[in-house]
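Just below is one structure, and these are the notes that go with it.
The values are calculated or read from the model by the stated rules, or taken from the named source; none is laboratory data. All of these numbers come straight from a predicted model, not from anything done at the bench. Glycine also receives a Cβ, built like all others from the backbone with ideal geometry; neighbour counts cover every protein chain displayed.
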Amino acid sequence: MSMRDYVQKIQHLFSCIVTNPIDVASQVHVFIFGMLEGMTRYCLTRVEPPTLEAAFALALREDYTVASSYTRVLTPDAGASHGD
């Protein structure tokens, strides 16, 4: 599941809770620890975003940064040496 899909899923799930709303810190905790382990989750645990919206924004930004760094590493013109 992409990070964008995960964010939308969490937004929908929390919007469905209307009778006994969950406090913001617990929402952020559930969002972060529901992620797969990786650099995005690591970054969010280090920063400790104050709101769920801040956690969403940071997660999407970090996911983009990590994905783009992998793309740069995997491109054939990235300076890989060919053992000629």
>> Between a residue in the stretch 25-46 that is modelled with pLDDT of 85 or more and surrounded by 18 or more Cβ atoms within 10 Å (Cβ to Cβ) and any residue that is basic (Lys, Arg) and in a helix (DSSP H, G or I), which pairs come within a Cβ distance under 8 Å, given they are 6 or more apart or on different chains?
In response: Ile32/Arg41; Met35/Arg41
> If we scan the stretch 8-17, do we find a residue that is assigned to a helix (DSSP H, G or I), touching a helix residue (DSSP H, G or I) at 6+ places or on another chain (Cβ under 7 Å), modelled with pLDDT under 85 and surrounded by 13 or more Cβ atoms within 10 Å (Cβ to Cβ)?
Replying inline: no
>> Being at pLDDT 90 or above and either at negative phi or touching an Asp or Glu at 6+ places or on another chain (Cβ under 6 Å) (or both): is that true of Ala78 here?
In response: no
> For residues in the stretch 18-54 being β-branched (Val, Ile, Thr) and not in a helix (DSSP H, G or I), which is farthest from Val66 (Cα to Cα)?
Replying inline: Thr19
